[in-house]
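Worksheet: the structure to be examined is printed underneath.
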Amino acid sequence: MKIRANRRNIELFEGACVKHALLKYFTLKHLDREKMAGTLVEDEYGHELDHEAPLHDNQKIKFKEPSNNA
């Protein structure tokens, strides 16, 4: 399935959760994956999503990327 994370298209397997989208996004962007746990994720309407929440095809999520400084 395809989702959109921070305006970037990501291809995931059927049944993927928010944490899978974060892992793929952080890997593609070469971000520190250790900072994923504290990442606040929202859907396109601004509702907070748990990292275990299931995703569906064409869903849009957004989150703040961690800074590389800290």
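Annotations
- With contacts taken as Cα pairs under 8 Å at a separation of at least 6 residues, the chain carries a relative contact order of 41 percent.
- Residue-span extension gain [H56 to E11] - 0.36 nm each, minus C-alpha spacing: 15.1 nm
- R33 accessible area, assembled protein chains, probe 1.4 Å, Å²: 130
- Between Y45 and L23, the contour length at 0.36 nm per residue exceeds the Cα-Cα span by 5.7 nm.
- Degrees separating the helix 18-28 axis from the principal Cα axis of the chain, which is the longest one: 50
- Reciprocal of mean inverse Cα separation for the chain (Kirkwood radius, Å): 12.0
- Where the chain is the region considered: accessible area per residue in Å², 1.4 Å probe: 69
- Annotation for the chain: GluC sites (Glu not before Pro) lying in DSSP loop with at most 12 further Cβ atoms inside 10 Å of their Cβ are E14, E44, E52.
- Residues with amide H under 5 Å from that of K60, placed H, sequence gap 5 or more: R4, E44
The values are calculated or read from the model by the stated rules, or taken from the named source; none is laboratory data. The model shown is predicted, which means the values in this text are computed figures rather than measured ones. Here the Cβ is made from the backbone with ideal geometry for all residues, glycine too, and neighbour counts use every protein chain on show. Just the protein is used for accessible areas: all its heavy atoms, side chains included, with ligands, DNA and RNA removed. Shrake-Rupley method; radii C 1.70, N 1.55, O 1.52, S 1.80 Å.
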